[in-house]
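**Q** Encoded as structure tokens, here's the structure I'll be asking about.
Please treat every number below as a calculation from the coordinates, not as lab data. The structure presented is a predicted model; accordingly, all values stated were derived computationally and were not measured. Methodologically, a virtual Cβ is constructed for each residue, glycine included, from the backbone with ideal geometry; neighbour enumeration extends over all protein chains shown.
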Ligand SMILES: Cc1cc2nc3c(=O)[nH]c(=O)nc-3n(C[C@H](O)[C@H](O)[C@H](O)COP(=O)(O)O)c2cc1C
């Protein structure tokens, strides 16, 4: 088990992760797009949000558990979908799905994960959500939905903020290919990271098995097939998806309040405010800047999930104070797993729960619904 004094914060895990995974993989995980402005903006905008401590509240025992989409969770925190998760650290999908189940939090498997829904569904159990990059072909879409439901995934998440891939200049500079092309430069980077290299040999070279199962026989690379399979969804597509998926449906990548306002009537069960961790539109506002207007647009009772730039329990509390019901982290879980393996994911889940509680006590907040009132209003922001 990881001693707390060695890795007291998430930045310690990120530092260790960077030393344990090859450079090109780090660039895949860490990059935004363009000049990484949106990624930086996420951080700076979160830093500007202040929460007011309150004394004389007596002994406060914060309640972290909450319900969302018909289930009760141990805390308002979950694991966002990361494509190629198993490239970042071998076995990451299994590790994170198991951790989520044990910790009572959601785990969202990506369409472009290195494991299939069938492989992960039983590991995630009631924690399993499935993220869909919308296939162009209706038969393939229906088959993926059948497979996800059959594997036990309860919640479907439609990602709408990748109508086309952004350029991801840092990935290009690092020479990233999917699956990895073993150039001398990449081989050298792998040779410097023996734990990652051995783990990858054991788990197999990461690919995109779900997409590969629909690639035309004898076709080109799976990555190219994946892009050929995906489309940019419109409202008619969303309506068809709503008819085809019986369980809760979430739309991920919502930043525009006018769009958000239409989603409850479209049969959507939750909106997920996100700028994809700053990876799609470099000029996008920070996701946390978009959150209050989206909350107003959907009204007070409608479930709002948030991600992008969250790096601590305090960031989670900031998002909850600005109107989110639930907060997801993407890169952070992968820093934890790459730094410390399976124990890293468990460690992060414990660290977040403890730190949420400690900070709620600082604010005299016994419940999550107390948090919006703890927001410091200087009069100049939002
Ligand atoms: C390496 C990487 C891969 C991602 N892959 C996906 C994906 O396959 N599907 C998806 O909906 N979002 C994907 N995202 C976006 C995340 O789900 C999430 O919105 C983002 O990581 C949140 O920001 P954070 O990493 O700062 O927590 C990816 C993000 C990263 C960093």
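**Q** When you take every Cα atom in region 135-219, what is the radius of gyration, and what is Dmax, the widest Cα pair distance, in Å?
**A** 17.0, 44
**Q** Return the equivalent ellipsoid semi-axes of region 26-83 as a descending list in whole Å, where each equals the square root of 5 times an eigenvalue of the C-alpha gyration tensor.
**A** Each semi-axis is √(5λ); the values are 32, 21, 9 Å.
**Q** Continuing with this model, one more query. Region 1-57: Rg/Rh from Cα coordinates, Kirkwood Rh?
**A** 1.13
**Q** Between residue 188 and residue 367, what length in nm is gained on full extension when 0.36 nm per residue of separation is reduced by their alpha carbon distance?
**A** Extending this stretch completely gives an extra 59.4 nm.
**Q** Sort 64, 329 so that the residue with the fewest other Cβ atoms within 10 Å of its own Cβ comes first and the one with the most comes last.
**A** 64, 329
**Q** What share of Cα pairs, in percent, lie more than 18 angstrom apart in region 182-297?
**A** 69 percent
**Q** While we're here: Can you tell me which of 343-353, 36-46 comes out highest on packing, and rank the rest after it, using the mean Cβ neighbours within 10 Å?
**A** Descending mean neighbour count gives 343-353, 36-46.
**Q** On full extension of the chain, what length is gained from residue 35 through residue 256, given 0.36 nm per residue of separation minus the C-alpha to C-alpha distance?
**A** Contour length minus the Cα-Cα distance gives 77.3 nm.
**Q** OK, next. Would you mind listing how long region 255-325 runs along its three principal axes, going by Cα atoms, in whole Å with the largest first?
**A** 32, 26, 16
**Q** For region 124-172, what does the alpha-carbon gyration tensor say about shape, rounded, prolate or oblate, given a ≥ b ≥ c as the root eigenvalues, a/c under 1.5 as rounded, and a/b over b/c as prolate?
**A** oblate
**Q** With both bridge residues required to lie in the chain, what share of the DSSP beta bridges run antiparallel, to the nearest 5%?
**A** 15 percent
**Q** With 10 Å bins from zero, work out the P(r) of region 94-145 over every alpha carbon pair and list the percent per bin.
**A** P(r) over region 94-145, rounded to whole percents: 27, 49, 20, 4.
**Q** Starting with the fewest neighbours, write out 30, 226, 102 ranked by other beta-carbon atoms found within 10 Å of each beta-carbon.
**A** 102, 30, 226
**Q** Just the projected area, averaged over all directions, of the convex hull on the alpha carbon atoms of region 102-185: how many nm²?
**A** 7.5 nm²
**Q** Rule-of-thumb check for region 52-137: C-alpha Rg over 2.2 N^0.38 Å?
**A** The reported ratio for this selection is 1.37.
**Q** Separation between the residue 213 and residue 235 pseudo-spin-labels, each 7 Å from Cα along Cα→Cβ, expressed in nm?
**A** 3.4 nm
**Q** Suppose we look only past 12 Å in the calculated P(r) of region 148-196. What percent of the Cα-Cα pairs does that tail hold?
**A** That fraction is 77 percent.
**Q** On to the next question. Please report, for the Cα atoms of region 81-237, the Rg to one decimal and the Dmax as a whole number; what are they, in angstrom?
**A** Taking only Cα atoms of region 81-237, I get Rg and Dmax of 16.1, 49 Å.
**Q** When you have a sec, figure out the Kirkwood radius of region 1-152 from all distinct Cα pair distances and drop it here in Å to one decimal?
**A** So the Kirkwood estimate lands at 18.4 Å.
**Q** Mind giving me the nanometre distance, one decimal, between the label points for residue 59 and residue 358, set 7 Å out from Cα along Cα→Cβ?
**A** The modelled label-to-label distance comes out at 2.0 nm.
**Q** Kirkwood Rh over alpha-carbon pairs of the chain, then Stokes-Einstein at 10 °C and 1.306 mPa s: what D in µm² s⁻¹, rounded to an integer?
**A** 75 µm²/s
**Q** Oh, and also: Using only the Cα atoms of region 317-375, what semi-axes does the equivalent ellipsoid have when each is the square root of 5 times a gyration tensor eigenvalue? Give whole Å, largest first.
**A** After scaling each eigenvalue by five and taking roots: 26, 13, 7 Å.
**Q** Once region 247-370 is represented by equal point scatterers at the alpha-carbon sites, with solvent omitted, what log10 I(q)/I(0) does the Debye formula produce at q = 0.09, 0.20 Å⁻¹?
**A** -0.27, -1.13
**Q** Let me ask something else about it. Using the beta-carbon distance between residue 165 and residue 12 and R0 = 41 Å, what value does 1/(1 + (r/R0)^6) give for FRET efficiency, to the nearest 0.05?
**A** Calculated transfer efficiency: 0.80.
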